[in-house]
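The values are calculated or read from the model by the stated rules, or taken from the named source; none is laboratory data. In this text the structure is predicted, and so the values were computed from the model without any measurement. Reconstructed Cβ throughout: ideal geometry from the backbone, glycine too, with neighbour counts over all protein chains shown.
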Amino acid sequence: MSKPVSDEQNLLQRASRLETQALAEIYDTHSPGIYRYAMRLLGDMTLAEECVAETFVRFLKSLQEQRGPRDNLQAFLYRIAHNLIVDTYRRRDQEKASELSDALRSEADVPEEEAARHIRQEEIRKAIRRLTPDQQLVISLKYLEEWSNEEIARTLRKPIGAVKALQHRALRSMYRLLKEKS
């Protein structure tokens, strides 16, 4: 007896045939979450929008090359977005000196509380960037996207204990990094 095809698998099969309606449904369903994820990590609307666009360009390319996901579409899309965000931070780090100078100039025009909040958010983003890629993904999905440990474990195809361990090590590392800044 064959296993019934899930709605997601059906959608992915239609998407792999590049059916416009299936691709639109995938975009409409997943783009808001990917945008929120990118926005929280990048802190810039334009970069977050570019991340969403490039995520779906790469998804479409993977479908055209028949390398697209067979299941767990959400995990596939978030992994693409995560890799794009990591690449963005790498480029940013190369331009760090000029950006710091620009940030200091722009914060001179911002009220003290807003500047302090902005600085703290940037410190948190920097701390997250210093985590391993798996730790970054777990922290982002758990605390920014508010996924359950079970959802993260399914997405990463890891045991729930491994997800909890990644989360614990990541939080401990972030605490240490942020404490050093204080």
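Are there any pairs with C-beta distances below 8 angstrom linking a residue in region 72-93 that is at positive phi to a residue that is in a helix (DSSP H, G or I), with the two at least 6 apart or on different chains, and if so which?
Cβ pairs passing all conditions: Asn72/Glu8; Asn72/Arg154; Asn72/Thr155.
Looking for whichever is among the β-branched types (Val, Ile, Thr) and touching a Lys or Arg at 6+ places or on another chain (Cβ under 7 Å) here; the options are Ile152, Ile128, Ile124. Which one fits?
None of the other options fit; the residue is Ile152.
A quick yes/no check of all residues on (1) more than 15 Å from Pro69 (Cβ to Cβ); (2) exposed (fewer than 13 other Cβ atoms within 10 Å of the Cβ):
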| position | (1), (2) |
| --- | --- |
| Asp7 | no, yes |
| Ala15 | no, no |
| Ile26 | no, no |
| Ile34 | no, no |
| Thr46 | yes, yes |
| Glu50 | yes, no |
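Residue under question is Ala170, and the condition is that it be under 18 Å from Leu41 (Cα atoms), modelled with pLDDT under 80 and outside the structural domain of Ser62 (by TED's automatic domain parsing); does it hold?
The answer is no for Ala170.
Return the pairs, sorted by first residue and then second, in which the second residue is modelled with pLDDT of 95 or more and of a type in the set (Phe, Trp, Tyr), the first residue lies in region 10-24 and is within 13 Å of Phe59 (Cα to Cα) and in the same structural domain as Asp71 (by TED's automatic domain parsing), the beta carbons are less than 7 Å apart, and the residues are 6+ apart or on different chains.
Filtered contacts from region 10-24: no entries.
Select, from Leu11, Leu41, the only residue that is assigned to a helix (DSSP H, G or I), surrounded by 12 or more Cβ atoms within 10 Å (Cβ to Cβ) and modelled with pLDDT of 90 or more.
Leu11
For region 135-143, indicate whether the set of residues that are small (Gly, Ala, Ser) and within 18 Å of Ile80 (Cβ to Cβ) is non-empty.
Yes, there is a match, as at least one residue in region 135-143 is small (Gly, Ala, Ser) and within 18 Å of Ile80 (Cβ to Cβ).
Of these, Leu156, Leu141, which one is within 22 Å of Asp71 (Cα to Cα), surrounded by 13 or more Cβ atoms within 10 Å (Cβ to Cβ), hydrophobic (A, V, I, L, M, F, W, C) and modelled with pLDDT under 85?
Of the residues listed, the single one that is within 22 Å of Asp71 (Cα to Cα), surrounded by 13 or more Cβ atoms within 10 Å (Cβ to Cβ), hydrophobic (A, V, I, L, M, F, W, C) and modelled with pLDDT under 85 is Leu156.
So which residues in region 112-121 are surrounded by 13 or more Cβ atoms within 10 Å (Cβ to Cβ) and not hydrophobic (A, V, I, L, M, F, W, C)?
Selection gives His118 alone.
With the condition kept exactly as written, say whether any residue in region 53-71 is in a loop (DSSP other than H, G, I, E, B), surrounded by 14 or more Cβ atoms within 10 Å (Cβ to Cβ) and not assigned by TED's automatic domain parsing to the domain that holds Glu123.
yes
Quick check, is Ala116 part of a helix (DSSP H, G or I), under 28 Å from Tyr143 (Cβ atoms) and either outside the structural domain of Arg157 (by TED's automatic domain parsing) or modelled with pLDDT of 95 or more (or both)?
Criteria not met by Ala116.
When the residues of region 168-182 are narrowed to those that are of a type outside the set (D, E, K, R) and assigned to a helix (DSSP H, G or I), which ends up surrounded by the most Cβ atoms within 10 Å (Cβ to Cβ)? Walk me through it before giving the result.
Kept after step one, since they are of a type outside the set (D, E, K, R), are these residues of region 168-182: 168, 170-171, 173-175, 177-178, 182.
From what is left, the residues that are assigned to a helix (DSSP H, G or I) are 168, 170-171, 173-175, 177-178.
Working: His168: 12, Ala170: 23, Leu171: 16, Ser173: 17, Met174: 18, Tyr175: 11, Leu177: 17, Leu178: 14.
Checked region 168-182; the qualifying residue surrounded by the most Cβ atoms within 10 Å (Cβ to Cβ) is Ala170.
Based on what the data block shows, is Ala165 surrounded by 17 or more Cβ atoms within 10 Å (Cβ to Cβ) and of a type in the set (Gly, Ala, Ser)?
On the way: surrounded by 17 or more Cβ atoms within 10 Å (Cβ to Cβ): no; of a type in the set (Gly, Ala, Ser): yes.
Judged against the criteria, Ala165 is not a match.
Applying the selection to region 136-164, what residues are in a helix (DSSP H, G or I), touching a helix residue (DSSP H, G or I) at 6+ places or on another chain (Cβ under 7 Å) and more than 12 Å from Tyr78 (Cβ to Cβ)?
Hits for region 136-164 are Ile139, Lys142, Asn149, Glu150, Ala153, Ile160, Val163, Lys164.
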